[in-house]
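Everything below concerns the one structure shown next.
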Amino acid sequence: MMGFIRLAVIDDQEPILNEIQGFVTKFPNVNLILSTTDVSELFNSIDQGLTIDVILLDINMPVSNGFDIAHYLKENHPQIKIIFMSAHQDFALQGYKYYPEDFLTKPINIVRLKQTLDRLSYTHKKIRRIGVKANGKISLIDTANILYIEKKGRKTFIHLKDAETVECSEGLNKLEDILNQCNFYRTHQSYLVSIDQIEYIESDNYMKSYNVKLHHCNHKINLSRHKFTALKNLIERHF
C-alpha cells in the first residue's frame with residue numbers, strides 16, 4: 001500500500017519547473033504543493049506550517065546553493081527527504097553527505113523520478129493509530145477519530161469524535177511530528193487540528209485573527225493570523 005507524498009520542487013529555471021510539474025501531477029501518489037524559483041518562498045512556507053515530505057532540489061542556482069539549502073533542512077527539518085537534481089554529475093559525490101534519496105541528472109529521467117517517489121511512498125504509509133501515555137498506561141488512538149489536540153499548561157488533551165477526551169503526557173511538538181503525514185495542522189501554539197475534520201474557517205474581528213470550526217465539535221479552534229494563508233493553500237491542495 002502506498003502513502004501520499006507532498007512534494008516541493010526548487011529550481012531557478014521556470015521551464016524546468018513547468019516540465020516537472022507537467023508529469024509529476026500525473027503521478028497518483030504525489031501532491032505537488034510547491035513549485036518555485038524563490039528559495040525564500042520555500043522557507044516562508046515551511047515556517048508558516050506547510051508540511052513537505054520530499055523536496056526535489058536543484059544544486060547549481062545563482063542565488064542559493066542547493067547544498068546550503070540541504071544543510072539547513074537537515075539541521076532544522078530532518079524529516080524532509082531530499083532528491084538532488086543537476087546538469088553536472090560531478091556534484092553527486094559532494095551531495096551524498098546530506099543523505100539524499102536520489103541524485104538525478106538533467107534532463108530529468110521521468111521513469112527514474114517516478115521509481116524514487118514510488119519507493120518513498122511505500123515507506124510513507126499513513127499512520128492509522130498512535131500510542132500515547134495516559135493514566136499510567138499506553139493508549140492506542142485511531143488517528144481518524146481525532147478532531148483536535150489541545151495544550152493547556154503542561155497538559156495535553158486529545159479530543160475525539162465521540163466527545164471523549166484523552167489526557168496524555170506527550171507534548172504538542174512531539175505529536176505534531178508524529179501526525180504530520182496524517183493531514184494535521186498546527187493552527188496555533190496551543191492547537192493541532194485534523195484538516196479532514198474542518199467544516200469552515202471564519203474571521204474573528206474582535207481578536208483580529210481567525211477561528212476554525214470542526215465537524216462534530218462545538219468548540220471553535222484559534223487560528224493565528226499569520227497561519228491563515230498557509231492553511232488555506234493547504235486545504236485547496238488537499239481537496
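Please label the shape of the range 1-61 as rounded, prolate or oblate, based on the square roots a ≥ b ≥ c of the eigenvalues of the alpha-carbon gyration tensor (a/c under 1.5 means rounded; beyond that, a/b larger than b/c means prolate, else oblate). Oblate, because a/c is 1.5 or more while a/b does not exceed b/c. Think of it as helices only: each DSSP H run of n ≥ 4 in the chain is worth -39500 (n - 2.57), and spread over all residues that comes to -8500 deg cm²/dmol at 222 nm.
Here residue 97 is the anchor, and the lysines within straight C-alpha reach of less than 25 Å, apart from those fewer than 8 places off in the same chain, are 74, 81, 106, 114. For the chain, a Gaussian network of Cα nodes joined below 10 Å ranks 175, 192, 223 by mean-square fluctuation, and the top entry is 175. With bins 5 Å wide beginning at 0, the percent of Cα pairs of the range 88-198 falling in each bin runs 2, 10, 17, 17, 12, 8, 9, 10, 8, 5, 2, 0. The stretch between residue 204 and residue 63, if pulled fully straight at 0.36 nm per residue, gains 46.8 nm over its current Cα-Cα span. For the chain, the fraction of 1.4 Å probe accessible surface lying on carbon and sulfur atoms is 47 percent. Of all lysines in the structure, the ones whose alpha carbon falls short of 26 Å from that of residue 151, not counting any fewer than 8 places away in one chain, are 126, 133, 137, 161, 174, 208, 213, 220, 227, 232. Using a probe of 1.4 angstrom and keeping all protein chains present, the accessible surface of the chain works out to 53 square angstrom per residue.
Residue 67 contributes an accessible area of around 20 Å² to the protein surface, as traced by a 1.4 Å probe with all chains present. Taking one quarter of the surface of the convex hull spanned by the alpha-carbon atoms of the chain gives a direction-averaged projected area of 14.4 nm².
The alpha carbon centroids of the range 97-123 and the range 34-48 are separated by 21 Å.
One way to sum up the overall shape of the range 170-228 is the equivalent ellipsoid from its Cα gyration tensor, whose semi-axes run 20, 13, 9 Å, largest first. Here the Karplus relation 6.51 cos²θ - 1.76 cosθ + 1.60, evaluated at θ = phi - 60°, turns the backbone of the range 193-204 into coupling constants of 10, 7, 4, 5, 9, 6, 8, 6, 10, 10, 7, 10 Hz, with x for every Gly and Pro.
The values are calculated or read from the model by the stated rules, or taken from the named source; none is laboratory data. Every value quoted in this text rests on a predicted model; they were computed, and no experiment measured them. The area values use the complete protein model at the heavy-atom level, side chains included, leaving out ligands, DNA and RNA. Shrake-Rupley method; radii C 1.70, N 1.55, O 1.52, S 1.80 Å.
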